[in-house]
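The values are calculated or read from the model by the stated rules, or taken from the named source; none is laboratory data. Because the structure is a prediction, the values reported are computed rather than measured. Here Cβ is always computed from backbone atoms with ideal geometry, including for glycine, and neighbour counts include all displayed protein chains.
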Amino acid sequence: MKIVAVFPGVQEENKNQLLNTEHAIDLPSFLKNTDHELVILDSDDDVDEHLSDMDVIISSPFLPAYITKERVKKAPNLKLAITAGVGSDHVDLEAAVEHNIEVVEITGSNQVSVAEQVVMNMLILLRNFQEGHRQAIEGEWNLPKVGNHAHDIEGKTIGIFGFGRIGQLVAERLAPFNVNLQHNDPNVKETTLGSKYVTFDELIETSDVISILTPLTNETANLFDYDRLMAMKEGAYLVNTARGGIVKRDDLPKVLESGHLSGYAGDVWYPQPAPKDHPWRSMPSQAMTIHYSGMTLEAQKRIEDGVKDILTREFEGRDMRPQDVIVGRDGGLSKSYSTKN
């Protein structure tokens, strides 16, 4: 098999990470002394040179390989698309279904990392950390300017949109803060985690903080547009560590500028990497970072182990772990990516 993997090139700031062209999640050693060909690229543009004969494509969250409908048509041998991480918005799933390309991810590889980041983002927003940090950097000392917009998380109603494994881990980590938990997920209504299932509209209208943790689908794309953001509770906060495309890009700054929402935090953008003039970079009341919540070194090791397991199953003709499959060999689409929210 010809396996093409796309990773960022080695730089001083990423030389210790596992997802770069040098380490390449240990694939060179893993495939040594096998009949499989490994091609490691550091640019999505270079994928085109290998479309005609590649069997497997591996894409890292740090540097996605975009498997578009046009590329699929030029890749007659492509049978497996692996996300070295979690997510599939860089793959045209309809094209994958049509051409029987199995699409898989490393489910669970980053769930602890993202869940921790979600809780951190909530605390940063509620405690007005951004203003306190700005004053520390710029030499100010104006306590009321910070404290008058700082809140305890205790007693707040936290809404979780998408109650899969990450959403459930967030709920577990928030429970000791004595918050009121509620969630909306068409696939998870009953839970023992102390979270109450509510309709999507109730979640929007009654939550003090909403965490978006649902996949990007046709139904969730731009779901949080101007009208829906304005329907949120006045003074509420929004945290998005799912996908940037779930929040309508140009509507979010307008809502924050109006003062209706108190803040927005997250690490996902659309598109990614975000251009320098992306409006979210300069909008008020935000605590944005680049997309790194699921990329701790511990998560990267879980990704490495997961990719090796997927390749081993492919080589041996065994089925993938059901939880890793987004598009199956039979063309079936995962429930998480096909169910309307």
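At a glance:
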{"item": "Top-ranked residue in the range 293-341 [being surrounded by fewer than 15 Cβ atoms within 10 Å (Cβ to Cβ) and under 17 Å from the mean Cα position of the chain (by Cα); ranked as modelled with the lowest pLDDT]", "result": "297"}
{"item": "Enumeration of residues in the range 242-292 that are crowded, with 19+ Cβ neighbours inside 10 Å, of a type in the set (Val, Ile, Thr) and assigned to a loop (DSSP other than H, G, I, E, B)", "result": "268"}
{"item": "Qualifying residue in the range 173-196 (condition: closer than 18 Å to residue 241 by Cα, at pLDDT 95 or above and in a helix (DSSP H, G or I))", "result": "yes"}
{"item": "Helices (runs of 4 or more DSSP H) wholly inside the range 82-143 that include at least 3 residues being more than 29 Å from residue 331 (Cβ to Cβ)", "result": "111-126, 129-138"}
{"item": "Pairs with Cβ under 6 Å, 6+ apart, first in the range 177-198 and assigned by TED's automatic domain parsing to the domain that holds residue 155 and buried (at least 18 other Cβ atoms within 10 Å of the Cβ), second in a strand (DSSP E or B) and hydrophobic (A, V, I, L, M, F, W, C)", "result": "179/158; 181/158; 183/160; 184/161; 195/181"}
{"item": "Residue check for residue 204: not in a helix (DSSP H, G or I) and not basic (Lys, Arg)", "result": "no"}
{"item": "Residue 153 vs. criteria within 23 Å of the chain's Cα centre (by Cα) and either buried (at least 16 other Cβ atoms within 10 Å of the Cβ) or at pLDDT 95 or above (or both)", "result": "no"}
